[in-house]
Amino acid sequence: MNRANLEVPFNRPDVDEADIARVVATLRSGWITTGPVVREFETALKRYLAVSRVVCLNSATAGMELVLRALGIGPGDEVITTVYTYAATANVVRHSGARLVLVDTAPGSFLIDPQAAAAALTPRTKALMPVDFAGLPADCTHLRAAADACRADFVPSNAFQEATGRPVILLDAAHAFGSLYAGERVARDADFSVYSFHAVKNLTTAEGGAVAWRGLTGEGSEVELEAEFERRLRLLALHGQSKDALAKMSAGSWEYDIEISGYKHNMTDMQAALAIGQLERYAAQLARRREICRRYEEGLPEPVFVHPFVGVGEDLPSFHIYPLRLRGFDETRRNALIASLAARGIAANVHFKPLPLFTAFRDEFDIKNYPNAWETYSSEVTLPLYPALTDEQVEHVIRSLRTIVGLD
Ligand SMILES: Cc1ncc(COP(=O)(O)O)c(C=O)c1O
């Protein structure tokens with residue numbers, strides 16, 4: 001086989017000619033920023049996720065940031081998340097002014113340790129932010145029960161916080177678009193789920209994200225308060241402007257107010273246009289991702305290889321990335337393995353470097369306090385996983401790994 005055919009990039013977005021035509025149609029329509037196509041995408045997302053509220057934004061980061069802002073979480077408050085995440089989850093907490101509380105992963109897991117999270121709750125805790133790493137469902141049920149147990153000590157600072165009456169579960173579902181939680185596409189026990197449509201995500205708008213939720217107090221929450229919360233998110237996403245740009249453009253409708261000093265986090269119609277067709281064929285894309293995972297599981301045997309999606313039960317992950325672990329490997333051996341894969345044309349990666357290993361977090365958090373995350377990180381390598389991977393490329397990855405670890 002031609003060596004060039006065996007190059008395996010780490011990721012490739014799934015964009016077809018129909019997607020390109022939709023973007024071009026938007027470019028030709030005379031309206032390219034937030035407008036009817038974003039609304040159409042939001043409606044399609046609500047249907048797909050089976051939730052009543054979806055707000056599209058320019059990233060998952062913006063989604064998490066604005067939910068914290070809209071809930072009025074800030075200085076004097078505390079927010080708990082995991083060390084095993086991308087910096088976005090922690091940065092938005094720091095931006096809000098709340099104290100960032102990082103907890104370890106459960107032993108042998110990529111996910112937040114629910115017991116450690118529960119132990120970190122204080123009367124100042126306003127949010128728990130689990131992360132559905134790789135699309136694997138974090139234990140929101142346990143976290144929700146722990147948050148519920150805080151009701152007596154919870155001190156709300158506005159009507160939204162009064163409505164929840166406890167710390168909220170703000171799920172970083174950046175990886176988890178399409179994951180199933182006990183048969184549902186949005187975890188029941190998460191108050192807010194925030195998705196990413198970044199270029200490497202399963203479904204992409206190049207840059208983009210969405211906040212999805214059912215209600216501040218679950219199903220049947222007070223409708224006006226719900227509508228007010230959504231309006232606040234939208235205001236925060238557009239400088240607090242009372243009318244969006246499209247509404248402001250219609251004849252005779254120029255006047256508007258700036259109600260609050262908001263941010264600039266809106267999604268454009270061009271971005272939404274890229275994703276509408278992807279959503280229509282998403283089931284097939286998930287099936288292909290699952291098939292590739294099955295091949296990795298079959299070709300790379302235990303006990304050397306530890307696979308991420310074995311035994312997840314009825315909660316199906318979105319198969320966003322393939323975080324393989326190598327039993328007994330440390331950081332040095334893992335890095336050497338990535339170099340050997342690179343020499344064979346295979347781009348692998350590491351997800352994630354725990355936050356305390358980064359300059360921005362090192363002074364405040366010590367990796368020694370997060371032994372599980374350290375252990376997981378040291379032996380982890382992320383394999384290529386995307387629908388456009390060919391069977392030959394998958395076989396090449398499997399053969400290469402088997403050779404490198406001395407199985408063949
Ligand atoms: C776990 C996690 N959370 C949040 C984000 C941020 O997503 P976005 O780039 O859409 O802001 C990422 C991005 O990769 C991520 O991996």
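Being within 15 Å of I404 (Cα to Cα), open to solvent by less than 10 Å² (accessible area, probe 1.4 Å) and among the aromatic types (F, W, Y) holds for only one residue in F305, F329, and it is F305. Residues in region 180-220 that are basic (K, R) and over 16 Å from the mean Cα position of the chain (by Cα): R188, R214. The condition (being farther than 17 Å from S179 by Cα and in contact with an Asp or Glu (Cβ under 6 Å, 6 or more places away or on another chain)) is satisfied by just one residue among R295, R234, R325: R325. Going through (1) of a type outside the set (S, T, Y); (2) open to solvent by less than 40 Å² (accessible area, probe 1.4 Å); (3) out of contact with any Ser or Thr (no Cβ under 7 Å at 6 or more places or on another chain); (4) not in a helix (DSSP H, G or I) one by one, F352 falls short only on (3).
Report yes if L236 is buried (at least 19 other Cβ atoms within 10 Å of the Cβ) and within 21 Å of L128 (Cα to Cα), otherwise no. No. There is no residue in region 244-258 that is of a type outside the set (D, E), at negative phi and within 22 Å of the chain's Cα centre (by Cα).
Restricting attention to region 187-215, the residues that are more than 12 Å from the ligand (Cβ to nearest atom), open to solvent by less than 10 Å² (accessible area, probe 1.4 Å) and over 20 Å from V92 (Cβ atoms) add up to 1.
Beta carbons closer than 7 Å, at least 6 apart along the sequence or on distinct chains, pair a first residue in region 168-186 that is touching a residue at least 12 places away in the same chain (Cβ under 8 Å) and within 11 Å of the ligand (Cβ to nearest atom) with a second that is among the β-branched types (V, I, T) and open to solvent by less than 20 Å² (accessible area, probe 1.4 Å) for L171/V194; D172/T85; D172/T89; D172/V131; D172/V194; A173/V194; A174/V194; H175/I321. The residue list E7, E78 contains one member that is among the acidic types (D, E), away from the ligand (no atom under 14 Å from the Cβ) and touching a Lys or Arg at 6+ places or on another chain (Cβ under 8 Å), which is E78.
Residues in region 239-257 that are open to solvent by 50 Å² or more (accessible area, probe 1.4 Å), over 21 Å from V67 (Cβ atoms), without any contact (Cβ under 8 Å) to a residue 60 or more places away in the chain and not polar (S, T, N, Q): K243, K248, M249, A251, G252, W254, E255, Y256, D257. Where helices (runs of 4 or more DSSP H) fall wholly inside region 242-345, the ranges with 2 or more residues that are at pLDDT 95 or above, under 27 Å from T43 (Cα atoms) and of a type in the set (D, E, K, R) are 269-280, 282-299. Once region 5-35 is narrowed to residues that are assigned to a helix (DSSP H, G or I) and touching an Asp or Glu at 6+ places or on another chain (Cβ under 8 Å), the residue that is surrounded by the fewest Cβ atoms within 10 Å (Cβ to Cβ) is N5.
All conditions but one from (1) within 13 Å of the ligand (Cβ to nearest atom); (2) buried (at least 21 other Cβ atoms within 10 Å of the Cβ); (3) over 17 Å from the mean Cα position of the chain (by Cα) apply to G63; the one that does not is (3).
The values are calculated or read from the model by the stated rules, or taken from the named source; none is laboratory data. Being a predicted model, the structure only gives us computed values, none of them experimental. A quick note on method: Cβ atoms are made from the backbone with ideal geometry, for glycine too, and the neighbour counts reach across all protein chains shown. With ligands, DNA and RNA removed, areas are computed over all heavy atoms of the protein, side chains included. Shrake-Rupley method; radii C 1.70, N 1.55, O 1.52, S 1.80 Å.
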